[in-house]
Amino acid sequence: MSTASSSDRIVKIAEMSARDGLQNEQQSISAECKIALVNRLADAGLRYIEAGSFVSPKWVPQMANSNVVFAGITRKNGVTYAALTPNMRGWENALAANVDEVAVFASASESFSQKNLNCDIATSLSRFEPVVAAARQHGIAVRGYVSCILDCPYDGAISPSSVEKVTHHLLAMGCYQVSLGDTIGTGTPGRTRTLLHYLNQTFKPEQLALHMHDTYGQAIANIFVGLDHGIRTFDASTAGLGGCPYAQGASGNVATEDLVYLLDREGFYHGIDLDELCRTGEWISQQLNKSYTARAGRGIRSKACI
């Protein structure tokens, strides 16, 4: 594990496996399994874990037991346990569950906003304003997400100005940071560089994070571009679990194991025990009857088994 020589070498990983990683699974996943996953992630050193979401079970049935998960986890000092909250009802349920932080999500694509949120971008942003205001009134931080930052499955290529506009609105209403999502994983380093160069003219790097999907194997390369542009917060999902239920074929968040391996080799500090993380990735894959697909995880676990 690297040692930090300066604050610029410290990277924060926002762990998505317990929410984004599981929400698209077709099989039933018990609250006990989710609780064990969250606890294992914290034990591996992750300090930001999105542990569930308070959305309508009609739309995302896999998250229906998020209140049970938040009640059952063993909370560790220094760990932020966050939840996705799309509206005031979701916020009220999140508050009752004693979440540490909430997140709201918008899109840079009008068509994707209609498919995902059943409204246009402007309406979605207006719906988030009371959520953000209520959270801030209770001293709870709010993080924002923008999906389809490079391409949309319906609208095609997305302009950097569209991403800038939505990001500005989220920050202006009170989000402390906006995570930029390559929802269908079509981004490449050159296009990611162009977008970040554009956004860096308006926003500070600490106001931005990257949430890169690995559908075409480009996520780590895109993250490296983010590091070069001063981004120090990255979303990832242990074992590469997850995707987007509204974007067909966009399965596969970047694996946290692969991200940690990159950070180790490039001299960044993150505070995560990679061996323990790989054991957790292998474990949750077994629970889901899936092959363990994290590239760095497979390499490290194969050596451990020799």
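Considering only the range 7-44, state which residues are assigned to a helix (DSSP H, G or I), touching a residue at least 12 places away in the same chain (Cβ under 8 Å) and more than 25 Å from Ile223 (Cβ to Cβ). Full working, then the answer.
Going through the range 7-44, the residues assigned to a helix (DSSP H, G or I) turn out to be 7-9, 31-43.
Retained after the next criterion (residues that are touching a residue at least 12 places away in the same chain (Cβ under 8 Å)): 8-9, 31-35, 37-43.
The answer is Ala31, Glu32, Cys33, Lys34, Ile35, Asn39.
Go through (1) aliphatic (A, V, I, L, M); (2) surrounded by 15 or more Cβ atoms within 10 Å (Cβ to Cβ); (3) outside any loop (DSSP other than H, G, I, E, B) for Ile184 and report which single condition fails.
In the conditions (1) aliphatic (A, V, I, L, M); (2) surrounded by 15 or more Cβ atoms within 10 Å (Cβ to Cβ); (3) outside any loop (DSSP other than H, G, I, E, B), Ile184 misses (3) alone.
Would it be correct to say that Val132 is among the β-branched types (Val, Ile, Thr) and part of a helix (DSSP H, G or I)?
Here the answer is yes, as Val132 does meet what is asked.
Residues checked against (1) buried (at least 17 other Cβ atoms within 10 Å of the Cβ); (2) of a type in the set (Ser, Thr, Tyr); (3) in contact with a helix residue (DSSP H, G or I) (Cβ under 9 Å, 6 or more places away or on another chain); (4) at pLDDT 95 or above:
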{"residue": "Tyr261", "(1), (2), (3), (4)": "yes, yes, yes, yes"}
{"residue": "Asp264", "(1), (2), (3), (4)": "no, no, yes, yes"}
{"residue": "Phe268", "(1), (2), (3), (4)": "yes, no, yes, yes"}
{"residue": "Asp273", "(1), (2), (3), (4)": "no, no, yes, yes"}
{"residue": "Gln286", "(1), (2), (3), (4)": "no, no, no, yes"}
{"residue": "Ser291", "(1), (2), (3), (4)": "no, yes, yes, no"}
{"residue": "Gly297", "(1), (2), (3), (4)": "yes, no, yes, no"}
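Of the residues Leu41, Leu22, Leu37, which single one is aliphatic (A, V, I, L, M), in contact with a strand residue (DSSP E or B) (Cβ under 6 Å, 6 or more places away or on another chain) and more than 18 Å from Ala135 (Cβ to Cβ)?
Leu41
If I ask for residues that are over 24 Å from His169 (Cβ atoms), of a type in the set (Asp, Glu) and either out of contact with any helix residue (DSSP H, G or I) (no Cβ under 9 Å at 6 or more places or on another chain) or at pLDDT 95 or above (or both), which ones from the range 199-254 would you list?
Of everything in the range 199-254, just one residue is over 24 Å from His169 (Cβ atoms), of a type in the set (Asp, Glu) and either out of contact with any helix residue (DSSP H, G or I) (no Cβ under 9 Å at 6 or more places or on another chain) or at pLDDT 95 or above (or both), namely Asp228.
Can you give me the number of residues within the range 23-41 that are of a type in the set (A, V, I, L, M, F, W, C) and buried (at least 24 other Cβ atoms within 10 Å of the Cβ)? Break it down stepwise before answering.
Taking the range 23-41 first, the residues of a type in the set (A, V, I, L, M, F, W, C) are 29, 31, 33, 35-38, 41.
Applying the additional criterion that residues be buried (at least 24 other Cβ atoms within 10 Å of the Cβ) yields 37-38, 41.
Total meeting the criteria: 3.
Would you mind stating whether Val166 is outside any helix (DSSP H, G or I) and hydrophobic (A, V, I, L, M, F, W, C)?
In short, no.
The values are calculated or read from the model by the stated rules, or taken from the named source; none is laboratory data. Since the structure is predicted, the reported quantities are computational estimates derived from the model, not experimental observations. Virtual Cβ from ideal backbone geometry, glycine too; neighbours counted across all protein chains shown.
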